[in-house]
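To start, the structure under review is shown below, and the notes come after it.
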Amino acid sequence: MGRLFGTDGVRGIANKELTPQLAFELGRAGAYVLTEGSHRPKVVVGKDSRISSDMLECALIAGLTSLGAEVVSVGIIPTPAVAYLTRLYKADAGVMISASHNPIEYNGIKFFDKFGYKLPDELEDRIEEIINEKKELPAPTGIGIGRRKESLTSHRDYIEFLKSTIDTDLKGLKIVIDCAYGASSTVAPILFKELGAEIIAYAAEPLGEKINVGCGSTHPEKLQQLVVEHKADLGLAFDGDADRLIAVDEKGNIVDGDHIMAICAIDMKSKGKLKHNTVVATVMSNIGFEIALKEHGIKLIRTKVGDRYVLEEMIKGGYSIGGEQSGHIIFIDDNTTGDGEITALKLCSIMKHTGKKLSELASCMTTYPQVLVNAKVKNELKEKYLEDEDIKREIEKLEKEMEGKGRVLIRPSGTEPLIRVMVEGEDYAKISQMAKELADLIERKLN
């Protein structure tokens, strides 16, 4: 698999790349690193509904308990629930078995520290080093071996926590909920019913053979149809492990992560809750998002692609909201990771407080056209564009032409011999020409 840990834990095709043996080794090494081998660790373990999650859970728990860990199994539950329950149960670590929005055959293992944060690179590197070097770890016997127990209150604990993140009920709202046949199936229908909303549930059973197939935040087409058919106020689409949310307005239009962050940030600012009047997002957030924030006196800080980089910047600067266009949004005053249910509750509560329809709220931002063109460049030459004066001058010229109503983003591919040229702006024909000419220039200059 190359380096085990990617930007979001260990992922791969289950039983081929992510094997039970690897899950066992991750359990042992993870338990050792996260507790420094100093005491009997307590670890919360959750999973999504994938077919392979049971297999990997058994292997992972075997690894954890072989090192003496006490495992609290919380069953099929959203990833952000594991982050929260790790803190609530005063555990030493949390582990989630999920591949989020990826296809059925994939799975993943993601660790949280005792504070509910994803692990920094240095801890992941230490876990990987132990596995690669086959380091000898403690092997307790007798009463020193760990045990597994099931939590009977985990879902209720999480639901009550979610309710505490807003100050209103949701009576009067008609909502279509798409749970992607994943982890939110065990939480979202109960949560929204108990808050008084009228709900129409779709893909709301934890069926591993259907997770993310034609449903959820990456495939909201059916949700769009259902919202219009049922004359609902809005639709909510979670991904397989419910750390993302994509919404649909009453007209059936998509309201993506950029729009949701804009709506929430503007509302937070009006209530004096937007720390430093700043939002953190990645380089992929639309220029229209940046312009909408600026119109409301809100600053935008951009990071590399990946929610971990958004979170790092939020912690460093003390900011309260950040996220990605994909709907992975972090409200750090509530939870330590992206939480689709919290995002959904925030959005619904704004609708309740303002009395506005979602389409009206979403009109605070205009999505600008975006064109992506690939420039073919040898892998060893991909970073050279940073040093070429002609390329730098051309980028500056294009951005000056757009007068703050557009931008140019250059991203070397991590896996292919390509440099991705993205141009955003008001005029689709114009930015298409710009992107093509810039890609041609990069190919000429670097090849």
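Assorted remarks:
- Label-to-label distance for residue 354 and residue 171 is 2.4 nm, based on points extended 7 Å past Cα in the beta-carbon direction.
- The gain in end-to-end length when the residue 143 to residue 251 segment is fully stretched comes to 32.8 nm, 0.36 nm per residue minus the alpha carbon separation.
- Largest accessible area first, the residues 52, 363 order themselves as 363, 52 under a 1.4 Å probe with ligands, DNA and RNA left out.
- Relative contact order of the stretch 256-367, pairs being alpha-carbon contacts under 8 Å that are 6 or more residues apart, as %: 32 percent
- Residues with amide H under 5 Å from that of residue 108, placed H, sequence gap 5 or more: 98, 99
- Working from label points 7 Å from Cα in the Cα-to-Cβ sense, the residue 122 to residue 374 distance is 3.8 nm.
- Look at the dipole of the chain built from charges on Cβ: of 314, 62, 154, the Cα furthest out on the positive end belongs to 154.
- GNM flexibility winner over the chain from 403, 150, 205 (Cα, springs under 10 Å): 403
- The stretch 171-254: translational diffusion in µm²/s, Stokes-Einstein, Kirkwood Rh over Cα pairs, 25 °C, 0.890 mPa s: 203 µm²/s
- Accessible surface computed residue by residue for the chain, with neighbouring protein chains in place and a 1.4 Å probe, gives 42 Å² per residue.
- Under 5 Å, built H, 5+ apart or other chain: amide partners of residue 45: 72, 73, 74, 95
- Phi-derived couplings, Karplus 6.51 cos²θ - 1.76 cosθ + 1.60 at θ = phi - 60°, listed residue by residue for the stretch 84-90: 5, 5, 4, 6, 4, 8, 6 Hz, with x used for Gly and Pro.
- Where labels lie 7 Å past Cα in the beta-carbon direction, separation of residue 381 and residue 403 in nm: 3.7 nm
- The phi torsions of the stretch 213-223, fed into the Karplus equation with coefficients 6.51, -1.76 and 1.60 and a -60° offset, translate into couplings of 8, x, 7, x, 5, 8, 9, x, 4, 5, 4 Hz, rounded to whole numbers, with Gly and Pro shown as x.
- Expressed as a whole percent, the accessible surface of the chain that belongs to carbon and sulfur atoms is 50, based on a 1.4 Å probe.
- Summed residue charge, Cβ within 11 Å of residue 290's Cβ, Lys/Arg positive, Asp/Glu negative: +2
- Backbone phi angles across the stretch 276-281, fed through the Karplus curve with coefficients 6.51, -1.76 and 1.60 (θ = phi - 60°), yield HN-Hα couplings of 6, 6, 9, 10, 10, 9 Hz in residue order; Gly and Pro are listed as x.
- Relative contact order of the stretch 10-152, defined on C-alpha pairs under 8 angstrom at six or more residues apart (%): 32 percent
- Cα centre as origin, Lys/Arg/Asp/Glu Cβ charges: the chain dipole, Debye: 540 debye
- Farthest towards the positive end of the charge dipole of the stretch 326-367, among the residues 331, 361, 345, is the Cα of 361, using unit charges on the Cβ of Lys, Arg, Asp and Glu.
- Cut-off 13 Å between beta-carbons: net charge of the residues surrounding residue 202, Lys and Arg +1, Asp and Glu -1: -2
- Within a Gaussian network of the chain (alpha carbon springs, distance under 10 Å), most fluctuating of 179, 58, 264: 58
- Close amide H contacts of residue 243 (hydrogens built in the peptide plane, cut-off under 5 Å, sequence separation of 5 or more or a different chain): 79, 340.
- Gain upon complete extension [residue 150, residue 275; 0.36 nm per residue less C-alpha separation]: 41.1 nm
- Computed magnitude of the charge dipole of the stretch 171-254 (debye, nearest 20; Cβ of K, R +1, Cβ of D, E -1): 200 debye
- The chain: mean projected area of Cα convex hull, nm²: 21.8 nm²
- For the residue pairs 273/357; 110/357; 118/163; 47/316, alpha carbon separations beyond 26 Å are given by 110/357; 47/316.
The values are calculated or read from the model by the stated rules, or taken from the named source; none is laboratory data. Please read these numbers as outputs of a predicted model, since none were measured by experiment. So basically every Cβ, Gly included, is an ideal-geometry build from the backbone, and we count neighbours across all protein chains shown. Remember, those area values only see protein heavy atoms, side chains included, never the ligands or the DNA or RNA. Shrake-Rupley method; radii C 1.70, N 1.55, O 1.52, S 1.80 Å.
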